[in-house]
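Undergrad: Sharing a structure, written as structure tokens. Questions coming.
Quick note: the coordinates plus some simple rules give every number you see, no bench work behind them. Keep in mind that this is a model prediction, so the values were computed, not measured. Cβ sites come from the backbone with ideal geometry, for glycine too, and all protein chains shown count toward neighbours.
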Amino acid sequence: MDLYYKSTRDSNVYVTASEAILAGLAPDGGLFVPEQIPALSVSLGELKKMNYQETAYAVMKQFLTDFTEEELKECIAKAYDVKFDTESIAPLVKVDNTYYLELFHGATIAFKDMALSILPHLLTAAAKKNQADHEIVILTATSGDTGKAAMAGFADVEGTRIIVFYPKDGVSKVQQLQMTTQKGKNVDVVAIHGNFDHAQSGVKAMFEDKELAKELNEKGYQFSSANSINIGRLIPQVAYYVYAYAKLLENDEIEEGEKVDIVVPTGNFGNILAAYYAKRMGLPINKLVCASNENKVLFDFLQTGVYDKNRRFVLTSSPSMDILISSNLERLIYLIAGEDSEKTKALMEALKQNGKYEISDHMREKLSDIIGGYATEEQTADEIKRVYEKTGYVMDTHTAVASYVCNKVYRGDKKCIVASTASPYKFVKSVMTAIDKKYVDTDEFALLETLRDVSGTQMPQAIKDILDAEVIHRTECDVDKMKETVKNILSL
Ligand SMILES: *Cc1c(COP(=O)(O)O)cnc(C)c1O
């Protein structure tokens, strides 16, 4: 059966999966959503026997119905290969009584690799399928991890260019170096004098800019997005939740059909939305727990039904979650609004105008599957130290936010999976300082070896790569000069 995609803001939009992936964002500024969330077509017993690639196929074929089996399998094979440092791609590690789903074994050691390893292949396949002859310009805002993962994924991919914007003072040193040293003749990265929300709003504005679209078109370009507003990023992420559940079954940790809780460290709401889709596909999930850092706009929203971004923006030790406008929440709002695009549009307009909206009680009732929790900076650091001292396992700051929420805030009677979204090497300074305050003045790069010794893990290739790489990208711009910068880069 063919599955089509609609816009969250306009019920007249009706496109295929490949068209939705190519466009990134709907013309009305809405996000593409499947007209219905398909059910899993294989049994849990069958899933138990599958490897990662087979699981990814079983999930993705339900959503991306206008791709042939051959196309999808080729995309999957190209994405989930030796770029990952483990054959299982997304290992599930049991520590104490918690299961950490390690999503950081790809090329850039953060969970963004799970989707951005495959998105370039989906996009180029989609372009062929739709006879799109324009060069695709990937425009992306990053809080640190998407940028590098997207640049690595798209570097030297024919028919594409990529331009990334990141907040100059809002990323870790490792993250910044990973981006500024990225090779590839189609790659540009720009540091903006602002925060992630500025970057994301600036990029969204360019997508909605009709005049710019016209100029691009004349020059043979078209925009697409590598942000999680692109449905081509969201769908591949559903796969690892299904895979994790099947691993629990395979390892006899649960009975078939037993419900589990999943805790996700959340920023833009993409990762947790993928878990929500997995639940709606029929995966036995009890609660989805949305874990925030001190930018707890989502926690407050889940408590009160009021989404209010008018608050102080906090720079935390989990910078990839320093976000006040969680763009993927729009997809959930659409679902709980009974797929009413007018209502969704009105709420998103209110967010744009006033930075705030409130959902109805009726909508709130439909949110009962999802609960919120958060960890302060101190609690996050304490969690890293606690788990390390008890078990020897070292986790990164983002994972620690979720681990804290799992172990100290919300602990039901179900088995609990924590999505582990980054390698501790990527946030080495915060991680080592959490373990021992004496490292507070030590150079970030000197701490990499200390972390290796303390954790007994190997230094990831991604880290070795940046240690002596040359900085190639030094462009910076003000928030209101993003469009001009793009025009310069593309010689428009
Ligand atoms: C992007 C990111 C997150 C947040 O994921 P969302 O899908 O934006 O909610 C959490 N942790 C890390 C390490 C990330 O890179």
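Undergrad: log10 I(q)/I(0), Debye, Cα-only region 116-237, no solvent, q = 0.16 Å⁻¹?
TA: Ignoring solvent entirely, the Cα scatterers give -0.75.
Undergrad: Taking the number of other C-beta atoms within 10 Å as the exposure measure, put TYR243, TYR4, TYR99 in order starting with the fewest.
TA: Values: TYR243 26, TYR4 17, TYR99 23.
Ordered from fewest to most neighbouring Cβ atoms within 10 Å, TYR243, TYR4, TYR99 come out as TYR4, TYR99, TYR243.
Undergrad: Let me ask something else. Hey, got the Cα dimensions of the chain along the principal axes, in Å, largest first?
TA: Per principal axis, max minus min of the Cα coordinates gives 60, 50, 46 Å.
Undergrad: Calculated FRET efficiency, LYS390 and ALA39, Cβ-Cβ r, R0 60 Å, to nearest 0.05?
TA: Here the calculated transfer efficiency is 0.90.
Undergrad: What translational D, rounded to a whole number of µm²/s, comes out for region 444-483 from Stokes-Einstein when the hydrodynamic radius is the Kirkwood one over Cα pairs, at 25 °C and 0.890 mPa s? Mind showing how you got there, number by number?
TA: Details: Rh = 13.0 Å.
Estimated via Stokes-Einstein, D reaches 189 µm²/s.
Undergrad: Could you pull out which residues in region 315-335 have an amide N less than 18 Å from a spot 7 Å beyond the Cα of ASP28, following the Cα-Cβ vector?
TA: Output list for this probe position: 328-335.
Undergrad: A follow-up question, please. Report the Stokes-Einstein translational diffusion coefficient (µm² s⁻¹, integer) for region 75-180, Rh taken as the Kirkwood radius over Cα pairs, at 10 °C with viscosity 1.306 mPa s. If you can, show how the numbers build up before the last one.
TA: On the way: Rh = 15.0 Å.
For the chosen part, D equals 106 µm²/s.
Undergrad: Next question. If each residue's Cβ is checked for other Cβ atoms within 10 Å, how do LEU315, LEU119, LEU234 rank with the fewest at the top?
TA: Values: LEU315 12, LEU119 27, LEU234 23.
Starting with the residue having the fewest Cβ neighbours, the order is LEU315, LEU234, LEU119.
Undergrad: To continue, here is another question. Per residue, what volume in Å³ does the convex hull of the Cα atoms of region 201-253 enclose? Can you show the working numbers first?
TA: Numbers: hull volume 4.3 nm³, N = 53.
Per-residue hull volume (Cα only) is 81 Å³.
Undergrad: Here's another thing I want to ask about it. For the chain, what proportion of DSSP beta bridges, expressed in % and rounded to the nearest 5, is antiparallel? Each step should come with its number before you reach the end.
TA: Numbers: 13 of 51 bridges.
Expressed as a percentage, antiparallel bridges in the chain total about 25.
Undergrad: Please list the radius of gyration and Dmax for region 414-463, considering alpha-carbon atoms only, with Å as the unit.
TA: When restricted to the Cα atoms of region 414-463, Rg and Dmax are 12.4, 41 Å.
Undergrad: I need the fraction of alpha carbon pairs in region 352-492 separated by more than 23 Å, rounded to a whole percent.
TA: Numbers: 5603 of 9870 pairs.
Of all Cα-Cα distances in region 352-492, 57 percent exceed 23 Å.
Undergrad: Beyond a 25 Å Cα-Cα separation, which of these cross-linked pairs lie in this structure: LYS61/LYS128; LYS94/LYS408; LYS78/LYS259; LYS343/LYS408? Spell out each step's value before the answer.
TA: Values: LYS61/LYS128 18 Å; LYS94/LYS408 17 Å; LYS78/LYS259 33 Å; LYS343/LYS408 37 Å.
Violating the 25 Å limit, Cα to Cα: LYS78/LYS259; LYS343/LYS408.
Undergrad: To the nearest 20 debye, what charge dipole does region 344-420 have about its Cα centre, counting +1 at the Cβ of each Lys and Arg and -1 at the Cβ of each Asp and Glu? Walk me through the intermediate numbers first.
TA: Values: 12 positive and 12 negative charges, 37 e Å.
Computed about the Cα centre, the dipole is about 180 debye.
Undergrad: May I ask for the percentage of alpha-carbon pairs in region 262-398 that lie more than 25 Å from each other?
TA: Numbers: 2708 of 9316 pairs.
Pairs farther apart than 25 Å: 29 percent.
Undergrad: No solvent, one uniform scatterer per C-alpha: report log10 I(q)/I(0) for region 24-131 via the Debye equation at q = 0.10, 0.21 1/Å, two decimals.
TA: Reported log10 I(q)/I(0), two decimals: -0.35, -1.31.
Undergrad: For LYS415, LYS219, which order do you get if you count the other beta carbons within 10 Å of each Cβ and list the fewest first?
TA: On the way: LYS415 19, LYS219 14.
Ascending number of Cβ neighbours within 10 Å: LYS219, LYS415.
Undergrad: In nm, what is the difference between 0.36 nm times the number of residues separating THR304 and ASN251 and their Cα-Cα distance?
TA: Values: separation 53, 0.36 × 53 = 19.08 nm, distance 3.91 nm.
So the extension gain works out to 15.2 nm.
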